[in-house]
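Accompanying notes for the structure given below.
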Amino acid sequence: MERPLRHLPRGMALTMLAALAALMVWSVFATAPVEQAALSDETAQTEIEAEVEENADDGDLALYRRISERVIAGEGYYAAAVGEQRASNYPVRPFVTVRLPTLAMIHKGTGIDGARWLALALLTASILAFLWRLRDVVSPVERGGAGVLILFGGAAAITPEAGLIHELLAGLLLTLALAMYSPRRWWPSLIAAGLALALRELAAPFVLLWLAFALMQKRWNEVLSVAALLTVFAIGLYLHYLGVDAQRIPGDPISPGWDALAGLALPLVALSKLTALLILPTWLAAPLAILSLLGWLGLGGRLGLFASLWFAGFFTAMALFARPENFYWVQLTLPAYLAGFAFTSRALADLTHVFRATQTQNH
C-alpha cells in the first residue's frame, strides 16, 4: 500500500506520534552514557575514528591491511588471517571472528586502493539507482533529497581506508540491491545481495527477509533463486569454517560472545558517528536518525515495507547482540537508511491528515 500512514485509524496514528516523540526524547538521554563510555575509552575512540578517517598502526583496519598485504604477497588467506589475529591477540574462536576471504581476494586483484575506488563506484551506483527507483514514487524534491542523503549516509566511502571496511562495502551492495529490485527484473538485485553475503555474513537477514517476502507473495521462481543463494552461502560458510579450523591451535584467543544487550542506544550512536550526522552533537543526531525510520514507514509499497523491516530488525539485533565495539555493524544498513529522512515530511503530513479527516467527518 502506498502512503500507509494516511490510512491508519485515528487512535493508531496518535499512538504512533506519541511513541515517536517519546523515543526521540529518550534517545537524547540514552545515547549520552553510551557516547561518554566510548569517549572515556581511548581504544574505543580510536576504533570510532578509524572507521571515518585514516587509521594509524593499530586497530581492526590495520589488521585487515596486514592480512591483505600478506595475501597480495602470495600467502594463503587463512594462514595470514589466523596468524595475524593470533599475533595481535584477536580472537579466532568461533570461526566467524575471522572475516570471510572475499575482500582480501579483491585486494589481491585490485590492490587496497582499488577496493576504495570500488566503494566510491558502488556509492555512485546506489545514488543513481535510487534516483531511478523513486522517479514515479515520490516528488522531485524528495527524490533529490534521498540522493543527497544517500551520499551523506555513505560518507565513509570517501575516506582513505574505505577499501578495508567489510561492512561498508556490504552495506553499499545491500543499498544497491534494495534500489534495483523490481518484480519483473529482480536478478540484478539478487546478485548484489549475494555479493554482500560474500563480503559479510551479517547480510544474511536481508536475504532471509527477501525469502519471506517472496514466499508470502507466492513468487516461486524468486523463492527458488533466493533459497539457492542461501544454500550456496551456507556451503561457503562451512568451507570458511574448515579453512579457519585448519589453522587453529590450542590456546587461541576466544571471543567473549555477542550477548551484550547494549540496547537501541548503540545503533543510534553508531549512526551518529559513521555518517555525515557526525557533524552534529549526538543529542541532536540521534533523534534525527530515528526520523529516518518513520520516513521509510511512510513511503509504503514493497520498498518502504521491506526497508522498514530490514532496518528495524537489524537495529534490534544490534541492541540485543552487539558489543559496544561492534558499533560498525550499523554500516550494513547504510547508506540506504539515511535516505528515509527525505520521506519524513510526507509521513508526518499523512499522520496529520488522519486527524484532519477525522475532524471533518465529526463535523
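For segment 169-181, the count of residues that are aromatic (Phe, Trp, Tyr) and in contact with a helix residue (DSSP H, G or I) (Cβ under 6 Å, 6 or more places away or on another chain) is at least one. So which pairs qualify, if the first residue must be in segment 251-267 and part of a loop (DSSP other than H, G, I, E, B), the second must be modelled with pLDDT under 85, the Cβ gap must be under 9 Å, and the two must be at least 6 apart or on different chains? Note: pairs meeting the criteria are 262/34; 263/34.
Taken over segment 203-213, the criterion of being surrounded by 20 or more Cβ atoms within 10 Å (Cβ to Cβ) and either farther than 16 Å from residue 337 by Cα or touching a Cys at 6+ places or on another chain (Cβ under 7 Å) (or both) is satisfied by 207, 210. Scanning segment 323-340 for residues that are under 18 Å from residue 199 (Cβ atoms) and part of a loop (DSSP other than H, G, I, E, B) turns up 334, 335. Applying the criterion of being under 16 Å from residue 32 (Cα atoms), touching a residue at least 12 places away in the same chain (Cβ under 8 Å) and of a type in the set (A, V, I, L, M, F, W, C) to the residues of segment 268-283, the residue that is surrounded by the fewest Cβ atoms within 10 Å (Cβ to Cβ) is 283.
Residue-level analysis places residue 123 among those that are within 22 Å of residue 204 (Cα to Cα), touching a Gly at 6+ places or on another chain (Cβ under 6 Å), buried (at least 18 other Cβ atoms within 10 Å of the Cβ) and of a type outside the set (Phe, Trp, Tyr). Checking each residue in segment 120-179 for being hydroxyl-bearing (Ser, Thr, Tyr) and within 19 Å of residue 308 (Cα to Cα) picks out 126, 175.
Number of residues in segment 270-313 that are aliphatic (A, V, I, L, M) and either over 17 Å from residue 171 (Cβ atoms) or over 14 Å from the mean Cα position of the chain (by Cα) (or both) equals 16.
Yes/no per residue for (1) in contact with a strand residue (DSSP E or B) (Cβ under 8 Å, 6 or more places away or on another chain); (2) more than 20 Å from residue 95 (Cβ to Cβ); (3) not aliphatic (A, V, I, L, M):
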site: 224; (1), (2), (3): no, yes, no
site: 228; (1), (2), (3): no, yes, no
site: 236; (1), (2), (3): no, no, yes
site: 240; (1), (2), (3): no, no, yes
site: 243; (1), (2), (3): no, no, yes
site: 253; (1), (2), (3): yes, no, yes
site: 257; (1), (2), (3): no, no, yes
site: 264; (1), (2), (3): no, yes, no
site: 274; (1), (2), (3): no, yes, no
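The values are calculated or read from the model by the stated rules, or taken from the named source; none is laboratory data. Keep in mind that this is a model prediction, so the values were computed, not measured. Cβ atoms come from the backbone with ideal geometry, glycine included; neighbour counts cover every protein chain shown.
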